[in-house]
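Scroll down for the structure; my scribbles are underneath it.
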């Protein structure tokens, strides 16, 4: 790779323009598109992202960059292309889009890896030395005995909690040269304390097998693949198709993103995916706004380094810096929570489709009630349609009744709010000490007035 003499950057400030800087010879080998750099800006320093490398610059009196932040680029060229598309499509400055692409903890670069002290024996201790120490300092001997049994270094704090001894006792052993302490970086895993039960692939029914085959075909020829709309009734086994589709992507040595509409759904999704990929639990990463800054830093770095192969999260996870992306899944694609309300006002489902096109990967949009635009795209041939009409294990669909409240009004000679059937069903559940949920479906914004006699609507 040729060493750049100049770079073009976007400052982390709303100046609505790109700036050119020269690159000192000592830094030229480390800088590239997507790198984070510190640059002089007016009379201060500012952080910026490299969007292009140049051999020449038309700007006079170009100032040199001050430093490179981090060891590797944080944004790939494909993600940069996606950012430029979002800037044009959603009519917002590129700086605003970059704030969504890079978590704040990565942009500010103030938080690093968590460091922890690990303990191990400094040398082999014979029984005679143990006996002398036991007479002089029994607590030190007790701690040394526990350390001598270690097969590998362990966190010092964990060992002290287990033995109910204090740091002063440990330091005394270090001073005697019997124990070694060293610092290691440790990951802040949001699910590190949880246990996940390994699961295996379930047998698919005919409809599921057809849907999975469509995903497999898209993985084989992603450059020509159309987005797949997976229209399946509730309980039809869409998640099992996702899991087996991702397994196929991993076997093709590619990675995957799974988007869920709400953060509250993330834990149950993580449990299913970590259970299915239990042979490599570190390969599943999580990205959402409820993580601490340290957890977000570590999960993002795990993804950017290539250790994580599967990313699960809410809408911002669509920007996960995965290498060799093979499959994007948007679960419950009809949900309005995929739409961001502040700039950039992107829709994660649409961004996922565009990213799949840029990265040449497969994309699956799953829903029991697809959005009108996705269903229209499927009907016109822009998307492929996979349909699941049956529940798994031949389970029956729930019995539904549509009650005409106009008929109820004629019976009761008064305005009916709850029908006779509904009141009877609620009374029956209460008598059995069971529960009832009444759902008021209020999704729209336009109100209307209905005549209870003829049903005519007045806006």
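Here are some notes:
- Among the residues making up region 265-279, those that are more than 13 Å from the chain's Cα centre (by Cα), surrounded by 15 or more Cβ atoms within 10 Å (Cβ to Cβ) and in a helix (DSSP H, G or I) are 271, 272, 274, 275, 276.
- Of the numbered criteria (1) modelled with pLDDT of 95 or more; (2) closer than 27 Å to residue 248 by Cα; (3) out of contact with any helix residue (DSSP H, G or I) (no Cβ under 6 Å at 6 or more places or on another chain), the one residue 362 fails is (3).
- Residue in region 55-70 that is at pLDDT 90 or above, outside any strand (DSSP E or B) and under 27 Å from residue 300 (Cβ atoms) present: yes
- The single condition among (1) out of contact with any helix residue (DSSP H, G or I) (no Cβ under 6 Å at 6 or more places or on another chain); (2) without any contact (Cβ under 8 Å) to a residue 60 or more places away in the chain; (3) under 21 Å from residue 320 (Cβ atoms) that residue 224 does not meet is (3).
- Scanning region 194-246 for residues that are in a loop (DSSP other than H, G, I, E, B), in contact with a strand residue (DSSP E or B) (Cβ under 8 Å, 6 or more places away or on another chain), at pLDDT below 95 and crowded, with 17+ Cβ neighbours inside 10 Å turns up 225, 236, 237.
- Looking across region 180-199, the residues that are in contact with a helix residue (DSSP H, G or I) (Cβ under 8 Å, 6 or more places away or on another chain) and over 27 Å from residue 112 (Cβ atoms) come down to 196, 197, 198, 199.
- Unmet criterion (only one of (1) in contact with a helix residue (DSSP H, G or I) (Cβ under 6 Å, 6 or more places away or on another chain); (2) part of a helix (DSSP H, G or I)) for residue 145: (1)
- Where residue 392 falls short, out of the listed (1) in contact with a strand residue (DSSP E or B) (Cβ under 8 Å, 6 or more places away or on another chain); (2) under 21 Å from residue 207 (Cβ atoms): (1)
- Considering region 411-424, the residues that are surrounded by fewer than 12 Cβ atoms within 10 Å (Cβ to Cβ) and modelled with pLDDT of 75 or more include one that is nearest to residue 209 (Cα to Cα), namely 421.
- Taken over region 333-365, the criterion of being farther than 22 Å from residue 95 by Cα and in a loop (DSSP other than H, G, I, E, B) is satisfied by 333, 334, 335, 360, 361.
- So residue 13, is it touching a strand residue (DSSP E or B) at 6+ places or on another chain (Cβ under 7 Å) and touching a residue at least 60 places away in the same chain (Cβ under 8 Å): yes
- For region 148-178, the set of residues classified as outside any helix (DSSP H, G or I), in contact with a strand residue (DSSP E or B) (Cβ under 8 Å, 6 or more places away or on another chain) and closer than 21 Å to residue 125 by Cβ consists of 150, 152, 153, 154, 178, listed by residue number.
- Filtering region 35-54 to residues that are surrounded by 18 or more Cβ atoms within 10 Å (Cβ to Cβ) and assigned to a loop (DSSP other than H, G, I, E, B) leaves only 35.
- Yes/no for residue 181 being outside the structural domain of residue 367 (by TED's automatic domain parsing), over 33 Å from the mean Cα position of the chain (by Cα) and in a loop (DSSP other than H, G, I, E, B): no
- Taken residue by residue, region 81-96 has no member that is farther than 19 Å from residue 359 by Cβ, modelled with pLDDT under 90 and part of a helix (DSSP H, G or I).
- Against the conditions (1) at pLDDT 90 or above; (2) farther than 23 Å from residue 392 by Cβ, residue 190 satisfies every one except (1).
- Between 174, 197, the distinction of being in contact (Cβ under 8 Å) with a residue 60 or more places away in the chain and not assigned by TED's automatic domain parsing to the domain that holds residue 286 belongs to 197 only.
- Note on region 102-128: residues that are part of a helix (DSSP H, G or I) and either at pLDDT 85 or above or touching a helix residue (DSSP H, G or I) at 6+ places or on another chain (Cβ under 9 Å) (or both) total 5.
- With respect to the conditions (1) surrounded by fewer than 12 Cβ atoms within 10 Å (Cβ to Cβ); (2) part of a loop (DSSP other than H, G, I, E, B), residue 191 falls short on a single one, namely (1).
- Out of 110, 115, sole residue that is under 20 Å from residue 301 (Cβ atoms), surrounded by fewer than 16 Cβ atoms within 10 Å (Cβ to Cβ) and without any contact (Cβ under 8 Å) to a residue 24 or more places away in the chain: 110
The values are calculated or read from the model by the stated rules, or taken from the named source; none is laboratory data. Remember, it's a predicted structure, so these values are computed and weren't measured experimentally. Backbone-built Cβ (ideal geometry, glycine too); neighbour counts: all protein chains shown.
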